[in-house]
Structure formats: C-alpha cells, structure tokens
Amino acid sequence: MDKKEYLSMSQSDRQKITNKIKEVLFADERIVFAYVFGSFLNSPSHRDIDVGIYLDNIARKDVFDGELEISKKISEACELPIDLIDIKILNFAPNHFLNNVFKNGAILFSKNEKLLSKIIEETSLNAVANEYFAYQSLKELVPK
C-alpha cells in the first residue's frame, strides 16, 4: 500500500487553489453547493484536498464516475496530480460525515440556500436524535 506524502503550501497558494476549485465547480450547472474540508483548510500540512459537492440530480450508481470526472476537471485546472483531489458527492453521504463537513468545512458557494439550509437542519436534527439514542443505549448497558 502506497503512503501519500504530506504536502505543505503557503496560505496564499491554498487560497489560489481554493479559488480555482470554486471557479471550476461553480461553472458546473449540476453542482448545487460545494465545501472544502479536512486538513487542507487549516493544517500546516495535508495529504490531499477534500471537496464535498451536492449535485442537483445523480443516481447512486453514478457517484463514483461523477467523483472521478470532477476530480479530473479540478486536477487539470489547478495543475495538480489527480490523487491530490478527493471529491465526495454528498447526496448519499451518511449523516455523521455531512455533520463534519458542515461543522468543520468552509463553504465555497451555494446556488440554492434554501436546499442547503434544509439539508443542514435535517443533518443536525438527525445527529441530536442519534446522540440521545446512543446515550440511552449506553445507560442500559452500564450496570447499576
């Protein structure tokens, strides 16, 4: 198994790359909103650039091909190796993953604030509900 090397780049280089990613993604009519998240945002070093996108209409079976296609576009536009671009289509992502993206990521853009707000609200409510049930389950497991 190959280990990716950690990369280090200046904040201004990160901003240039982020702006280019935003430009490429915004031009794609299918993309409703996009986030950048992970170590690229604020760690001194990173292995890749994590980008989450929500598409207007995509079938679950097309997610992998969609991620690859968009990774290629960004890779070419930013002149970076494709393995540094990690696109995640958020339409079918688990709630805990979405929560992390919304909480710790930085939004690049949204073309539909109402939809984004609805998804954030649903994800947050689901997290709160799951936290309560997890707590109740743990209480039942702990002997009195």
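So the values come out like this:
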{"quantity": "Extension reserve of the Leu68-Ser43 stretch, reckoned as 0.36 nm per residue once the Cα distance is removed", "calculated": "6.5 nm"}
{"quantity": "Backbone HN-Hα couplings from phi across the range 78-93 [Karplus 6.51/-1.76/1.60, Hz, Gly and Pro as x]", "calculated": "8, 6, 10, x, 4, 6, 8, 9, 10, 8, 10, 7, 8, 3, 10, 5"}
{"quantity": "Placed amide H near Lys88: partners under 5 Å, 5+ positions off or other chain", "calculated": "Val51, Gly52, Ile53"}
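Laboratory data are not the source of any read-out in this text; all were calculated from the coordinates shown. Everything numeric in this text was worked out from a predicted model, so none of it was measured.
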